[in-house]
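Okay, structure first, notes after.
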């Protein structure tokens, strides 16, 4: 009884595989020619290009002290006070203070010289490289006197594996294996 159960179980497991097997088998065919198929591949290899560049900076001015402004205001006030009478004298004094302070401020500014610095600049430059890459092979082979063509991913060598399917030619025949 135990033996029958094992045989039955194995039969159930093997049956689907037998049905799928059909009437196919593998054989080898002689390769007549194998031509590589090339595809042009374009690859970008960006490169950083750097250089040193001189950069000119303008000179400006800087004030280190309020003394020129104050001295200009005093001198302007004294000079302005010399003109006018009554209320006009006061107005001229104030105008002299303002104008003298402005002139003193301008004269007190020390001009700075322009200067040059060397600065590094960089940019990415695209460099495209093209090359041919084998993407497959056009293969011509002979099996049982007939010539066939196929395309493969790899170089097949002298022989190529083929799957052969056999079916009867008549209409009313059924194949069993």
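When we screen 137, 131, 143 for residues that are in contact (Cβ under 8 Å) with a residue 40 or more places away in the chain, touching a strand residue (DSSP E or B) at 6+ places or on another chain (Cβ under 9 Å) and surrounded by fewer than 12 Cβ atoms within 10 Å (Cβ to Cβ), the only hit is 131. Across the stretch 146-165, the number of residues qualifying as part of a loop (DSSP other than H, G, I, E, B) and exposed (fewer than 12 other Cβ atoms within 10 Å of the Cβ) comes to 4. A single member of 112, 117, 152 is touching a strand residue (DSSP E or B) at 6+ places or on another chain (Cβ under 7 Å) and in the same structural domain as residue 33 (by TED's automatic domain parsing), and it is 152. For the stretch 67-106, name all the residues that are on the phi < 0 side of the Ramachandran plot and not in a helix (DSSP H, G or I). Selection gives 82, 83, 85.
The values are calculated or read from the model by the stated rules, or taken from the named source; none is laboratory data. It should be emphasised that the depicted structure is a prediction, and the values quoted were computed from it without experimental measurement. Positions of Cβ are backbone-derived with ideal geometry, glycine not excepted, and every protein chain shown enters the neighbour counts.
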